[in-house]
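Scroll down for the structure; my scribbles are underneath it.
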Amino acid sequence: MKTIGLIGGLSWESSVEYYRVINQETQKRLGGVHSAPCLMYSFDFGEIEALQAAGDWAAASARMVGAARKLQRAGADCLVICSNTMHLMADEVEAAAGLPLIHIADATAAPILARGFRRVGLLGTRFTMEKDFYRGRMIERFGLEVQTPDSSGRAIVHDIIYEELVRGRIRAESRRQYQAVIEALRDAGAQAVILGCTEIGLLIKPEDSALPTFDTAELHALAAVDWALKN
C-alpha cells in the first residue's frame, strides 16, 4: 500500500475524520490489524483562516505548497488536501510537489453520477459556493448541474462553519437551519446535496437531510484508500 500524504488542520476537527475513515477502510479491506501508511502536515488553522478572511490567497497557496513539499520529502506517494476550500490552489500544490493529488471534487462527483443524480445542491464555505474552482470542475468534467443556496442561505451555511463547526460546536438549532437550506434546494430542483465543507458531516447525517447527502470528507478519504491500494 502506498503512503498517503494528508494536508490537514483545515480544520483539525475534520482531519480527525480523515484519519479515522482511512484507517477503518484499510482495515476493512486488508483485514487483521492492518492500518494505512500515511503522513499528515497539520496547519494552525487560525493562521490559514486569517489569510482566507483577508482574501490573501497567494500567501495561503504558498503555505499549502510548502506543506506539500514537506510531505513529498518525508516520503508521501500522493497528496490529499483535507479541505474543500483549499482546493482553490490544488493545481499549484500538485505541480510544486510533483505528486499525484486526489481531488475532492472528483472523489465526490463519481458516486453522485453512479447513483444517477445530475442536479445537486452544494453547501460549503462562501469561497467554495461562490468561486468557480469547485462548481466549475463538477460542471465541466462531470456534466453536473450545481445549485447553491440563495444569499441568506449561503451566509447561514458559511457562518455556522466558521463560528461553530471548526471549533467543535454541534448545535441542534444550527442543524435545523441547515435542514431548512437543504429543503429550499430540494424545492428548487436539487436531487441530492453535497456536504462541500469537510466539517458539515459532523452536523448533518443522512437521516437529517431531505435530500440524499454526499459527505465530501468521507468520500475523499475513501478515494485516498482506493488510490493507495491500487497503485
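The values are calculated or read from the model by the stated rules, or taken from the named source; none is laboratory data. These figures come from a predicted structure and were not determined experimentally. Note: ideal-geometry Cβ built from the backbone for every residue, glycine included; neighbour counts use all protein chains shown. For accessibility, only protein heavy atoms count, side chains too; no ligands or nucleic acids. Shrake-Rupley method; radii C 1.70, N 1.55, O 1.52, S 1.80 Å.
All conditions but one from (1) exposed (fewer than 14 other Cβ atoms within 10 Å of the Cβ); (2) under 19 Å from the mean Cα position of the chain (by Cα) apply to A74; the one that does not is (2). As a summary of the residue check, G46 satisfies the conditions (1) out of contact with any Pro (no Cβ under 9 Å at 6 or more places or on another chain); (2) in contact (Cβ under 8 Å) with a residue 24 or more places away in the chain except for the one numbered (2). Selection of strands (runs of 3 or more DSSP E) fully inside the stretch 69-153 by the criterion of at least 1 residues being touching a strand residue (DSSP E or B) at 6+ places or on another chain (Cβ under 6 Å) and among the small types (G, A, S) returns 119-123. Of the residues making up the stretch 194-225, those that are acidic (D, E) and in contact (Cβ under 8 Å) with a residue 60 or more places away in the chain are E199, E218. How many residues does the stretch 24-50 hold that are in contact with a strand residue (DSSP E or B) (Cβ under 8 Å, 6 or more places away or on another chain) and of a type in the set (S, T, N, Q)? Residues in the stretch 24-50 being in contact with a strand residue (DSSP E or B) (Cβ under 8 Å, 6 or more places away or on another chain) and of a type in the set (S, T, N, Q): 1 in total.
Please enumerate the residues belonging to the stretch 148-173 that are among the small types (G, A, S) and under 15 Å from G124 (Cβ atoms).
Going through the stretch 148-173, the residues among the small types (G, A, S) turn out to be 151-153, 155, 168, 172.
Correct list: S151, G153, A155.
For the stretch 110-151, the candidate set comprises residues that are of a type in the set (D, E, K, R) and in contact (Cβ under 8 Å) with a residue 40 or more places away in the chain; within that set, the residue that is most open to solvent (accessible area, probe 1.4 Å) is R115.
In the stretch 100-109, the residue that is surrounded by the fewest Cβ atoms within 10 Å (Cβ to Cβ) out of those that are farther than 15 Å from G201 by Cβ and either touching a Ser or Thr at 6+ places or on another chain (Cβ under 7 Å) or not β-branched (V, I, T) (or both) is P100.
Give the residues of the stretch 172-231 that are open to solvent by 40 Å² or more (accessible area, probe 1.4 Å), within 22 Å of R118 (Cα to Cα), among the polar types (S, T, N, Q) and not in a helix (DSSP H, G or I), sorted by residue number. Across the stretch 172-231, the qualifying residue is only Q191. Filter the stretch 79-109 for residues that are in contact (Cβ under 8 Å) with a residue 60 or more places away in the chain, more than 11 Å from the chain's Cα centre (by Cα) and more than 17 Å from L10 (Cβ to Cβ) and give the result. Scanning the stretch 79-109 gives L99, P100. Has the stretch 176-191 got at least one residue that is within 12 Å of the chain's Cα centre (by Cα) and either closer than 27 Å to I7 by Cβ or without any contact (Cβ under 8 Å) to a residue 60 or more places away in the chain (or both)? Checked the stretch 176-191: no residue is within 12 Å of the chain's Cα centre (by Cα) and either closer than 27 Å to I7 by Cβ or without any contact (Cβ under 8 Å) to a residue 60 or more places away in the chain (or both).
Being among the charged types (D, E, K, R) and more than 14 Å from the chain's Cα centre (by Cα) is the filter; apply it to the stretch 192-214 and report the residue that is nearest to G168 (Cα to Cα). Selected residue: K205.
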